Amino acid sequence: LQQLGVSVHFGHAFESICPSPRIIKEFTVIHTNGIHRVTGVFCNCINRSVAGEWRQQLLRRRWFPATHLQPETAATFEVLNHFHVLTLQGKVTTYDYYAGLEKLYDNVGTAKKIDRYKAFSRMIREWRGLKMLKRGGRGNNATKDPGDTHPGELAIECIACPRPDENLPSGWENEPAQTRFKYWIYLAEDACFRLKRRLVSSIEADPGIGTGSAYFVEDTAFRKYITHCNNQTEMSTCTGLSAVDHANTKFSRGYATTGVGLAVCARHELVQKNGVVDLQKGERYCNMDYSFGSILKGIDPRITIVQSYDIACQWSKNLYQRMKDLPSQVAVSLSERQIYFAIPKLHIHGHNLSCQLSFSLNWLWGVGRTDGEGVERNWAHMGPVATSTRDMGPGNRHEVLDDHFGHWNWRAICRLGTCLFFHLTPFKY
């Protein structure tokens, strides 16, 4: 485009030309049809106070600047949004997407390469963060400044799970015991070992933007807590529970993080805010306890909880004491709550008879057809993200995973009506 004489003017109306412009002869712009060079013409006259800085002039044209000071590279809003949707749906990596744009620009390799991969990666990272803030209502008025965002406030929460003062009728706590199950919360906990992160970068080099504001727990407090956790000494008294027996040895060599643990609402499958934790070895109790405590902090203690976990028969032992020993940010007293522990309906067939009799959802009054396996369906969606996140720094990885968890939750909200109708249909007559 530059060779054809294309110039793009910023800061002035389309019909006017700046009398004293600042000209960038080789301005790089990334669009959905490739990577281009144009001549960038910025306003530098007395109108500058109205036109604003270079970055502001670009943003008004829906071009996202690669840097904030005198940018010479930008990406259009269209290409950033295009990549964002593709990566959320198809798990396309930034590297592969940018390589595709290069092929659109030159699929033979004879033209001079325009290498803006790092700049594009940085713009995508900022775009993700800004989108999350925008959708959380931050920065749009004086009462919701981005810096005042509290932990978990940017998460998309389930609209069907009971929350007092939001979606419950007044006097719900006085519901008769026979029908009180309508106001229970059903959670399903599990871990995924595909979402590893190699020993690259560090928290000092890549602290992350707003970690803890959505689905991951607040990082600083969690890292401090986890350094004092010893190896798990409790072993399984049930058959075949490798999550317990190998809690200290789960493929940890060469990895800073061996996976993640989290909880979803078992009936609607939305990831819980501030419920995602990194694993350093295997599926240790200390990690999963922290996740559970963080989630309970956001649930009214008057609400009964049905907690599903594939190793609930072992994990629930001594849990009341372990929860008291957690840091103050997530420590809760379980004696003040009513909690039922259960094992998902598919996993329970791998347990011995005593577990099947004590922890089966089929015997638990009030749970209906809840199967507890919804968290496994989330892993099928999240597993492919590991292709791009395993070599990321800790902060960037948290941001990307938060973004994908948010997409999963949003899609669950959009299809919730259809899903509920589908499950209700067999009981119509």
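Since every read-out is calculated from the coordinates, none of them should be taken as a lab result. From a predicted model like this one, the values you see are computed outputs, not experimental measurements. Positions of Cβ are backbone-derived with ideal geometry, glycine not excepted, and every protein chain shown enters the neighbour counts.
Comparing Ile35, Ile295, Ile156 in a Gaussian network model of the chain, where Cα atoms under 10 Å apart are tied by springs, the biggest mean-square fluctuation is seen for Ile35. What percent do you get for the relative contact order of the chain when only Cα pairs under 8 Å and 6+ apart count? That works out to 16 percent.
Give me the log10 of I(q) over I(0) for segment 329-429 at q = 0.21 Å⁻¹, as the Debye formula computes it from C-alpha points; what are the numbers? Each listed q corresponds, in turn, to -1.12. Stretched out straight at 0.36 nm per residue, the stretch from Lys131 to Cys229 would grow longer than its current Cα-Cα span by 31.7 nm. Secondary-structure-derived ellipticity at 222 nm for the chain, considering helices only, amounts to -9500 deg cm²/dmol, per-run term -39500 (n - 2.57) for DSSP H runs with n ≥ 4.
Counting only lysines at least 8 places from Lys118 when in the same chain, those with an alpha carbon closer than 29 Å to its own are Lys25, Lys91, Lys103, Lys131, Lys134, Lys196.
If R0 is 60 Å, the Cβ-Cβ spacing of Lys113 and Asp148 corresponds to a FRET efficiency of close to 0.85. Using only Cα atoms and rounding to the nearest 10 degrees, what angle (0 to 90) does helix 94-105 make with the longest principal axis of the chain? The angle comes out at about 30 degrees.
Compute a Gaussian network model of the chain, connecting alpha carbons closer than 10 Å, and tell me which residue from Asn378, Asn287, Asn352 fluctuates the most. Sorting by GNM fluctuation, first place goes to Asn352. Antiparallel beta bridges, as assigned by DSSP with both residues in the chain, represent about 60 percent of the total such bridges. Taking 0.36 nm per residue of separation and subtracting the current Cα-Cα distance, fully stretching the chain between Lys25 and Thr418 would add 136.1 nm. So what's the angle, to the nearest 10 degrees on a 0 to 90 scale, between helix 285-296 and the longest Cα principal axis of the chain? Its long axis makes an angle of about 80 degrees.
Largest first, the extents of the alpha carbon coordinates of the chain on the three principal axes equal 82, 52, 45 Å.
In this rough spin-label picture, where each label sits 7 Å from Cα along the Cβ direction, the Asn167-Ser354 distance is 3.9 nm.
Annotation: lysines with alpha-carbon distance below 23 angstrom to Lys345 (same-chain offsets under eight excluded): Lys182, Lys317. In this label model, His381 and Leu69 are separated by 4.2 nm, measuring between points 7 Å along each Cα→Cβ vector.
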